[in-house]
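Working notes for the structure below.
The values are calculated or read from the model by the stated rules, or taken from the named source; none is laboratory data. As the structure is a computational prediction, the values presented were derived from the model and not from experiment. We place every Cβ from the backbone using ideal geometry, glycine too, and count neighbours over all the protein chains shown.
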């Protein structure tokens, strides 16, 4: 009789362990690793690049670089996605203002191409530009910094010709995808 109870207890213990492994671990895994939310990053944030606008203005001196960073964070006002681009290249000083005007116009044009409504455009060539836009449920800003000297970044074997300088600027896109 005692042996029978011991066998029933052992069988019960084995069945409980099998049940826990079969059903408990997947539930625990789902709790610890919830499914990722759908990607709500806009195509504009993912794909925008100022390189096609820069290329006609670049001097014949070799060298073009594009620093890029991406990220996201959560705050009390929602989730945010960010992308920052920082090209580095040589340009004739006489073309600097034309370039920055072209980049600002390109940002405006690309936002419209992706279906965004530009809510505001502020700034100038000396202080940079800020675009605020709405694209579906997403709201975003694009900050275009003024052109800056980048000779501290670029290391060349020989000096640049007169009238040409190494420059950089930053395009920072921040979006709140909404609900």
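Take residues that are on the phi > 0 side of the Ramachandran plot and tell me which of the strands (runs of 3 or more DSSP E) falling wholly in the range 114-168 contain 1 or more.
Passing ranges, in order: 117-124, 128-135.
Looking at the range 42-51 only, could you name the residues that are assigned to a helix (DSSP H, G or I) and either touching a residue at least 24 places away in the same chain (Cβ under 8 Å) or touching a helix residue (DSSP H, G or I) at 6+ places or on another chain (Cβ under 8 Å) (or both)?
Answer for the range 42-51, where residues must be assigned to a helix (DSSP H, G or I) and either touching a residue at least 24 places away in the same chain (Cβ under 8 Å) or touching a helix residue (DSSP H, G or I) at 6+ places or on another chain (Cβ under 8 Å) (or both): 43, 44, 45, 46, 51.
Is it the case that the range 55-63 has a residue that's at pLDDT 90 or above, surrounded by fewer than 16 Cβ atoms within 10 Å (Cβ to Cβ) and more than 20 Å from the chain's Cα centre (by Cα)?
yes
Would it be correct to say that residue 141 is surrounded by fewer than 17 Cβ atoms within 10 Å (Cβ to Cβ), under 18 Å from residue 42 (Cα atoms) and touching a residue at least 24 places away in the same chain (Cβ under 8 Å)?
So residue 141 fits the description; yes.
Please count how many residues of the range 169-179 are assigned to a loop (DSSP other than H, G, I, E, B) and either at positive phi or touching a helix residue (DSSP H, G or I) at 6+ places or on another chain (Cβ under 9 Å) (or both).
Of the residues in that region, 2 qualify.
Among the residues of the range 144-167, write down those that are within 30 Å of residue 74 (Cβ to Cβ) and either buried (at least 20 other Cβ atoms within 10 Å of the Cβ) or in contact with a helix residue (DSSP H, G or I) (Cβ under 6 Å, 6 or more places away or on another chain) (or both).
Across the range 144-167, the qualifying residue is only 144.
Which of the residues spanning the range 66-94 are surrounded by 12 or more Cβ atoms within 10 Å (Cβ to Cβ) and without any contact (Cβ under 8 Å) to a residue 40 or more places away in the chain?
Of everything in the range 66-94, those that are surrounded by 12 or more Cβ atoms within 10 Å (Cβ to Cβ) and without any contact (Cβ under 8 Å) to a residue 40 or more places away in the chain turn out to be 66, 67, 70, 72.
Failed condition for residue 131, given (1) touching a helix residue (DSSP H, G or I) at 6+ places or on another chain (Cβ under 7 Å); (2) surrounded by fewer than 19 Cβ atoms within 10 Å (Cβ to Cβ), with all others met?
(2)
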